[in-house]
1. Looking at this structure, is Ser143 closer than 23 Å to Ala208 by Cβ, touching a Ser or Thr at 6+ places or on another chain (Cβ under 7 Å) and of a type in the set (Gly, Ala, Ser)?
2. Out of the range 142-166, which residues are in a loop (DSSP other than H, G, I, E, B), within 14 Å of Val194 (Cα to Cα) and open to solvent by 10 Å² or more (accessible area, probe 1.4 Å)?
3. State the number of residues belonging to the range 140-171 that are more than 13 Å from the chain's Cα centre (by Cα) and among the hydrophobic types (A, V, I, L, M, F, W, C).
4. I'd like the full set of residues that are closer than 11 Å to Leu26 by Cα, small (Gly, Ala, Ser) and touching a helix residue (DSSP H, G or I) at 6+ places or on another chain (Cβ under 8 Å), limited to the range 150-189.
5. For the range 124-139, state whether one or more residues are more than 10 Å from the chain's Cα centre (by Cα) and assigned to a helix (DSSP H, G or I).
Amino acid sequence: MVKATTGHGSSLTADGFRQAVPGAELLAVIGPAGPARTALLTALARRPWLRGGGTHRPRARIAVVRDHGPGAPDPHARVEDLLAAARGVHRPGSHGQEPPQEDGRRDAVGGALAAAGLALAEGAGRGRAPGVLQRRVRYEVLSRADQLLFALALALADEPASVLVDAADDGLDATARHRVWSRLRRIAESGTTVVAACDSAEAAGIHAHRTVLLPSGSGAGGAVGAAQHVRG
């Protein structure tokens, strides 16, 4: 059984899982990385009640954010190329002349970068401050925190109702962990529901509006069953 605890210390069972994500809040799913945690995120992504978000404008899409693996940005792509793809722009050289870029799409990508706490700089060298991405550097060269936040920004550019963040703070030091979680909290409070998976309750317990603890030793089937108790 999955147990959810709120910031006030109250708890609920899996049957109340829907109330654990009321919209426009940050929910942390705490448990070891593995099939159970992944299965729970996958099941949540299919729940229709998670698609409403917390804003006045209906947005149906749920975005799954990963910094590596399936669905993550191409590790060999440059930052500027990933941004161009997010804007729907073909860069010159591969498909002929670059088509006009829609102002609205450009603004959406710029707003998403700001929401993720990122800024752009020219060049391809290293040694920039955290959160400053050089346009010509490859994604794989970015720090772990910057990779995750950049992947998050690319997802936010599509203005989803909700985002599911896999491995939100795995492998991060305390400073980077605080940076990532504080950004996730701000994004949630701006109107996008955020569900983030992690293996430690330390930072999640501070920043998340609510937490869900996966019981130790739970299998993938149990985690999916917990999510399936929720009715859309």
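The values are calculated or read from the model by the stated rules, or taken from the named source; none is laboratory data. It should be emphasised that the depicted structure is a prediction, and the values quoted were computed from it without experimental measurement. In this analysis, Cβ positions are derived from the backbone assuming ideal geometry, glycine residues included, and neighbour counts consider all displayed protein chains. Heads up: the accessible areas ignore ligands, DNA and RNA and are worked out on the full protein's heavy atoms, side chains in. Shrake-Rupley method; radii C 1.70, N 1.55, O 1.52, S 1.80 Å.
1. no
2. Hits for the range 142-166 are Glu159, Asp166.
3. Summing the residues that are more than 13 Å from the chain's Cα centre (by Cα) and among the hydrophobic types (A, V, I, L, M, F, W, C) in the range 140-171 gives 2.
4. Ser162, Ser182, listed by residue number.
5. yes
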